[in-house]
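The values are calculated or read from the model by the stated rules, or taken from the named source; none is laboratory data. As the structure is a computational prediction, the values presented were derived from the model and not from experiment. In this analysis, Cβ positions are derived from the backbone assuming ideal geometry, glycine residues included, and neighbour counts consider all displayed protein chains. Only protein heavy atoms, including side chains, enter the accessible area calculation; ligands, DNA and RNA are left aside. Shrake-Rupley method; radii C 1.70, N 1.55, O 1.52, S 1.80 Å.
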Amino acid sequence: MVRFVHAADFQIGKPYNWANDRAQKTLQERREQAIERVGEVAEEKNADFIVVAGDFFDANTIEDDVITRACRRLSSVDVPVYILPGNHDFAAGPACVYERSTFERHQPDHVTILDTETPQVVADGEAVLLPAPIRRRNELGDPTSHFDSDLGYEEAPKAVRIGVAHGGVVDFEGGEASSRIDPGRVEAAELDYLALGDWHGKKQIRDRVWYCGTPEPDSFKQNDPGYVLHVEIEESGADPAVEPVETAQTRWLRKEVDIRQEEDLVAFRDWFEDLADPLNALVRLELRGRLGLEAISSLEDLLDDLENTVLHLRRRGDGVRPKASPDEIDAIATDGYVRTAVERLKAEAEDGEESAEEALQLLYQLKRE
């Protein structure tokens with residue numbers, strides 16, 4: 001039986017330049033803390049080792065203090081850790097973060113960098129890792145093209161065969177990955193499991209092919225981030241048992257709110273008051289609708305409280321606009337065409353046509369402008 005934790009895309013040192021000082025510091029610290037959280041998962045699951053399928057660091061140019069802290073946290077992990085360079089921390093000779101003197105000086109003995117295509121026998125010979133390290137930021141072709149059924153066989157003929165690679169097998173949201181991995185490689189190379197990184201959400205590609213995603217969410221994409229995978233394989237040729245384990249500390253929430261009456265505002269306030277662990281929540285809020293001036297003032301107070309409470313608030317959408325009163329609507333109906341339009345729209349609005357009410361408000365706004 002081989003047990004291991006499949007992780008990827010820690011991206012330690014990610015800058016989060018768009019965030020304010022409080023959010024930036026917290027988000028960076030959460031990514032570093034993910035090292036220990038993944039180590040705790042390995043201990044709880046009695047794993048033989050951890051394999052990181054690329055992008056442990058965010059860049060080869062990160063500061064020395066980030067490298068030092070990461071190595072200190074790695075020192076607290078009780079099982080061997082195998083790290084594959086990805087497209088952020090690609091293996092590029094002396095410029096690579098793993099070749100820098102700071103990393104070499106602080107690298108724990110139980111941490112191995114998979115920076116060559118040489119098979120790595122692990123777990124006392126029970127498993128063999130077949131690495132596909134990335135050598136440039138925009139890798140071309142399939143980094144697993146060297147995988148075949150003979151690779152690693154001589155070193156460990158009866159071992160569980162685990163491929164480790166970083167790149168895309170699908171069209172990612174926001175663009176395509178530069179390197180494209182053929183998931184059929186798992187059969188061609190007789191792999192028992194192919195551990196993938198690069199896609200920041202948990203995703204099964206085939207029975208033996210998985211993305212674990214990033215252990216700490218870093219965007220508002222709803223693609224199942226914040227996990228590592230605990231994998232058990234009984235023996236060579238056996239089907240892997242894959243268990244997602246949640247590791248996220250922050251929550252990235254998308255909230256769309258249409259506010260057109262007092263009840264909508266109350267419901268939005270209730271949502272905020274019921275928000276679990278708001279100090280570790282980031283909210284992408286899309287607001288739309290119309291309210292009276294007094295209610296608009298209450299909404300702004302609520303938004304101020306939300307922004308001062310959550311880790312980060314990102315506002316999107318048109319926002320909630322002031323709603324003209326019936327008397328204000330009547331006041332613009334001063335000439336023939338406008339009066340005719342107002343009277344017709346008022347009649348339709350009274351019949352329940354929401355679009356007519358919206359048209360009245362738009363007409364008022366245009367007339368005032």
- Query: Residue check: is Glu300 at pLDDT 95 or above, open to solvent by 50 Å² or more (accessible area, probe 1.4 Å) and not aliphatic (A, V, I, L, M)?
  - Reply: no
- Going through the range 237-267 in order, the residues found to be assigned to a loop (DSSP other than H, G, I, E, B), out of contact with any Gly (no Cβ under 8 Å at 6 or more places or on another chain) and open to solvent by 60 Å² or more (accessible area, probe 1.4 Å) are Asp239, Gln261
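Only one of Glu29, Glu40, Glu44, Glu36 is under 19 Å from the mean Cα position of the chain (by Cα), open to solvent by 30 Å² or more (accessible area, probe 1.4 Å), at pLDDT 95 or above and more than 18 Å from Arg251 (Cα to Cα); which? Outline the logic, then answer.
On the way: Glu29 fails: more than 18 Å from Arg251 (Cα to Cα); Glu40 fails: under 19 Å from the mean Cα position of the chain (by Cα); Glu44 fails: under 19 Å from the mean Cα position of the chain (by Cα).
Going through Glu29, Glu40, Glu44, Glu36 in turn, the sole match is Glu36.
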- Query: Within the set of pairs 6+ apart or on separate chains, which have a first residue in the range 106-132 that is farther than 16 Å from Ala53 by Cα, a second that is of a type in the set (S, T, N, Q) and surrounded by fewer than 21 Cβ atoms within 10 Å (Cβ to Cβ), and C-beta atoms under 6 Å apart?
  - Reply: His106/Thr68; Pro108/Ser75
- Please specify each residue of the range 284-308 satisfying the condition of being touching a Phe, Trp or Tyr at 6+ places or on another chain (Cβ under 8 Å) and closer than 25 Å to Gln33 by Cα. Arg284
- Message: Given the condition assigned to a strand (DSSP E or B), touching a Leu at 6+ places or on another chain (Cβ under 7 Å) and open to solvent by 10 Å² or more (accessible area, probe 1.4 Å), answer yes or no: does some residue in the range 81-101 qualify?
- Response: yes
- Note on the structure: Of the candidates Trp199, Trp210, the one satisfying the condition of being under 30 Å from Arg31 (Cβ atoms), aromatic (Phe, Trp, Tyr) and either open to solvent by 40 Å² or more (accessible area, probe 1.4 Å) or at pLDDT 95 or above (or both) is Trp210
- Item | Residue list for the range 102-137, restricted to those being exposed (fewer than 14 other Cβ atoms within 10 Å of the Cβ) and either touching a Phe, Trp or Tyr at 6+ places or on another chain (Cβ under 9 Å) or of a type in the set (D, E, K, R) (or both) | Glu104, Arg105, Asp109, Asp124, Arg136
- Just checking, which of Ala189, Ala165 is surrounded by 17 or more Cβ atoms within 10 Å (Cβ to Cβ), farther than 23 Å from Val41 by Cβ, among the aliphatic types (A, V, I, L, M) and at pLDDT 95 or above? Ala189
- If we keep just the residues of the range 303-330 that are over 23 Å from the mean Cα position of the chain (by Cα), modelled with pLDDT under 90 and under 15 Å from Lys255 (Cα atoms), which is most open to solvent (accessible area, probe 1.4 Å)? Asp318
